[in-house]
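Working notes, structure below.
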Amino acid sequence: MTRINVTPIIDVALVLVIILLITAPMLSVADLDIELPQAHARDTEDTVFVSITLGAHGEVAVDDHVLSGPQALAAAVRDRFAADDRDDLLVVVRADSRLPHAAVRAAMNAARDGGALRLAVATRQGGQP
Amino acid sequence: MRRWNESRESAGGTSDVNLTPLIDVSLVLVVILLLATPLAFESSFAVRRAEAAARAATDENRTARIEVAVLSADSVRVNRAVMPSADLGRALEPLIERSPDGVVAVSCRDSVPHGSFVAALDAIKLSGAQDIAVTGR
């Protein structure tokens with residue numbers, strides 16, 4: 001008999017499905033070129049969150065939707081919360097490390113105006129200090 | 001022998017395993033891992049509402065409050081003492097040990113780069129702060 005052993009293929013395919021299930025929420029962030037600030041400590045472990053991405057040149061995005069400008073941020077966050085059943089979703093601000101703090105604070109205030117109850121600042125994990 | 005080979009080919013072709021689907025799936029796996037790896041190294045700090053911190057200031061003993069102001073990329077103020085950013089952790093540890101709730105209120109000047117602000121948050125967290133409240137609107 002020349003039957004092909006399909007077990008490895010099914011094995012790999014199932015691993016692929018599991019990886020996709022795990023990484024799908026992580027991949028729902030905007031594809032903007034940002035340099036996150038590095039940090040050693042880590043705090044929040046939420047796997048489902050709303051991301052606000054602030055690029056070095058003024059680009060703003062909520063999850064993977066790029067907005068026309070910062071003035072549209074509060075409305076976009078409000079729409080995102082309206083589309084979800086949970087109102088305690090963590091909002092993670094992913095800002096470029098070169099941005100002035102004023103821009104980040106404005107984004108955090110807009111997120112609060114949009115209904116965010118829990119806020120976090122994204123960092124790039126830098127190992128042990 | 002020749003007849004055996006002929007009959008084998010005519011019965012079902014060669015018996016080589018088709019590796020194409022396996023390689024296909026494996027390459028997709030590699031691409032997904034390449035995309036997801038930078039995101040897997042992302043983390044975040046939770047920050048409390050500024051309003052809540054302001055309320056806490058009126059309720060709690062003011063002497064127990066810890067206030068950090070990020071003045072520039074390399075200088076901070078802890079309560080009333082101005083110091084280099086590098087000394088922030090060392091200055092905070094005894095204050096946090098004495099603090100009843102471990103809450104640190106942080107403010108930052110508008111022009112300070114976000115990276116310096118996060119470096120201060122990192123030092124505060126590593127000093128043992130339970131909660132970080134970002135003030136200023």
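Sorted into 10 angstrom bins from 0, the C-alpha pair distances of chain A split as 12, 37, 27, 12, 7, 4, 1, 0 percent.
Ranking B:Val28, A:Val93 from most to least accessible surface, computed with a 1.4 Å probe over the protein chains only, gives B:Val28, A:Val93. Within the range B:93-137, whose backbone N sits under 13 Å from a point 7 Å along Cα→Cβ of B:Leu71? Label zone hits: B:109.
Peptide A:8-21 has a mean shielding of 3, counted as Cβ atoms of other protein chains within 10 Å of each residue's Cβ.
Over chain A, what is the relative contact order in whole percent, taking alpha-carbon pairs under 8 Å and six or more residues apart? About 28 percent, as a whole number. B:Leu35 sits among other residues whose Cβ lies under 15 Å from its own Cβ, and their net charge, with Lys and Arg +1 and Asp and Glu -1, is -4.
Using a probe of 1.4 Å, the accessible surface attributed to B:Leu27 totals some 100 Å² when neighbouring protein chains are kept in position. Taking Cα atoms only, the orientation of helix A:101-113 departs from the longest principal axis of chain A by about 80 degrees. Summing charges over all other residues whose Cβ lies under 10 Å from the Cβ of A:His40, with Lys and Arg as +1 and Asp and Glu as -1, gives +1. From its DSSP helices (H runs of at least four residues, each -39,500 (n - 2.57)), chain A gives a residue-normalised ellipticity at 222 nm of -10000 deg cm²/dmol.
The values are calculated or read from the model by the stated rules, or taken from the named source; none is laboratory data. Please read these numbers as outputs of a predicted model, since none were measured by experiment. Here Cβ is always computed from backbone atoms with ideal geometry, including for glycine, and neighbour counts include all displayed protein chains. Please note that ligands, DNA and RNA were not included when accessible areas were found on the heavy atoms of the full protein model with its side chains. Shrake-Rupley method; radii C 1.70, N 1.55, O 1.52, S 1.80 Å.
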